[in-house]
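Below is one structure, written out as structure tokens; the observations come after it.
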Amino acid sequence: MQDFIERMNILLNRGVAAVDETCYFTDKPHAELIEQLKMFLYNHQHLLGNIQIQTTQALNDHGVDLLVTNLNNSYKVGFQIKSHFDVKEKDFSSKVKSQHSDSNVFGLNRWYLLICSPLWDGKKDLSFKVNYLINTFKMHGGEYVSTIGPDSAVKIFTSGLVDTQDFNQSLKRNESPSANFLFTKFNMGNQAQTLSRLNSSRAWHQTTSELASTKIDFDKLLTNLSKLSKQTRVVLTAIIIKSISIYGNLVDSLVANEYDVRTAFNIDQNIMIHEVRLLEQYGFISIQTEGIHTFLEVRNKDIGWSIFFDIKKFCEAESIPLQSIIVELNFSLFD
């Protein structure tokens, strides 16, 4: 079984796309996505072995869109595709969890969940719903589930034929992702080198040696942020965007109302609670309650000055999306 699963994992691991590339999935019909995946698998039968691919409405009713059977040993894997329309539904997560349970009727060796939706569809940020479900299966799905997020799924649908030699080399190097592996590389980000743009924009007038010392703090921040999931960094960004300085410009401490952040960015309350607790645990925020209001104060984790305040002001002055730095970890923009 392991050889078949490894081959399937390597075939599906086509890399990670940029967020805007997931727009490919906007309004793509579910039936069309099934046919595309079916053709992708048919075109690579020579890499998977003697396989049979089935797709029927009966399968769809039980949590499987495509059933792939290795005829040499009867091992089976099932594919469930969730489209843009599916992700937009209010009961998206509960439906997928139900389909996951239903899929057991097929006696699968592996259940692949492909989330084929844009992460941003021009109207709404869908990354919260997508990442919440992915994290749920990562924690509770076990070896039975492999979840493929939009930024990896889009590579399957837009890549050409997989080169046989490259495939065999990956197989030889045992580069198959493990079970329940979201096909996303760990992002250490792009380090700042000179901080010259930041120095000029914030009118710090720091010398070269002073900037070298400041860069140590930015390298530390980059390392700390890289330990967070992308979804958690998205929530941190939302908090910073909605935050204000406690005493105007006199004190460089950023505080946001939790309710304002959640409603402004359409974040599910349960997701918000989970992510806020993680951010508090990692030392990026502190939580303060006043009456019925919950306030989130941005902390400058292990750094002795208001680094997030300066990052926010820099982005506003330079018309740089804060997401590019906090979420995408592109600290080279400071140069």
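Observations
- Region 13-25, subset touching a helix residue (DSSP H, G or I) at 6+ places or on another chain (Cβ under 6 Å) and under 14 Å from residue 116 (Cα atoms), residue modelled with the lowest pLDDT: 16
- Of 147, 184, 164, all but one fail to be at pLDDT below 80 and either loosely packed, with under 13 Cβ neighbours inside 10 Å or of a type in the set (Val, Ile, Thr) (or both); the exception is 184.
- One residue alone among 22, 69 is of a type in the set (Ser, Thr, Tyr) and either in contact with a Lys or Arg (Cβ under 7 Å, 6 or more places away or on another chain) or surrounded by fewer than 16 Cβ atoms within 10 Å (Cβ to Cβ) (or both), and that residue is 69.
- Residue within region 30-41 that is assigned by the TED database to the domain that holds residue 133, of a type outside the set (A, V, I, L, M, F, W, C) and either assigned to a loop (DSSP other than H, G, I, E, B) or free of Cβ contacts under 8 Å to residues at least 24 places away in the same chain (or both) present: yes
- Enumerated helices (runs of 4 or more DSSP H) restricted to region 238-335, each holding at least 2 residues that are within 23 Å of residue 132 (Cα to Cα): 258-264, 269-281, 322-326
- Subset tally (residues that are within 14 Å of residue 237 (Cβ to Cβ) and small (Gly, Ala, Ser)) for region 249-300: 2
- A single member of 53, 10 is among the β-branched types (Val, Ile, Thr) and either surrounded by fewer than 20 Cβ atoms within 10 Å (Cβ to Cβ) or at positive phi (or both), and it is 53.
- For region 290-323, a residue qualifies if it is surrounded by 15 or more Cβ atoms within 10 Å (Cβ to Cβ) and over 21 Å from residue 276 (Cβ atoms), and the qualifying residues are 310, 313, 314, 315, 320.
- Put simply, of 198, 228, 222 the only residue that is under 20 Å from residue 302 (Cα atoms), at pLDDT 90 or above and buried (at least 18 other Cβ atoms within 10 Å of the Cβ) is 222.
- Flag if residue 78 is in contact with a helix residue (DSSP H, G or I) (Cβ under 6 Å, 6 or more places away or on another chain) and on the phi > 0 side of the Ramachandran plot: no
- Residue 117 touching a Gly at 6+ places or on another chain (Cβ under 7 Å), modelled with pLDDT of 85 or more and either of a type in the set (D, E, K, R) or outside the structural domain of residue 230 (by the TED database) (or both): no
- Verdict on residue 47 being of a type outside the set (Ser, Thr, Tyr), closer than 18 Å to residue 31 by Cα, over 24 Å from the mean Cα position of the chain (by Cα) and not in a loop (DSSP other than H, G, I, E, B): no
- For region 186-220, a residue qualifies if it is outside any helix (DSSP H, G or I) and out of contact with any helix residue (DSSP H, G or I) (no Cβ under 9 Å at 6 or more places or on another chain), and the qualifying residues are 203, 207.
- Scanning region 221-234 for residues that are of a type in the set (Val, Ile, Thr) and either in contact (Cβ under 8 Å) with a residue 60 or more places away in the chain or not in a helix (DSSP H, G or I) (or both) returns a single hit, 234.
The values are calculated or read from the model by the stated rules, or taken from the named source; none is laboratory data. This structure is a prediction, so every number in the text was calculated from the model and none was measured. In this analysis, Cβ positions are derived from the backbone assuming ideal geometry, glycine residues included, and neighbour counts consider all displayed protein chains.
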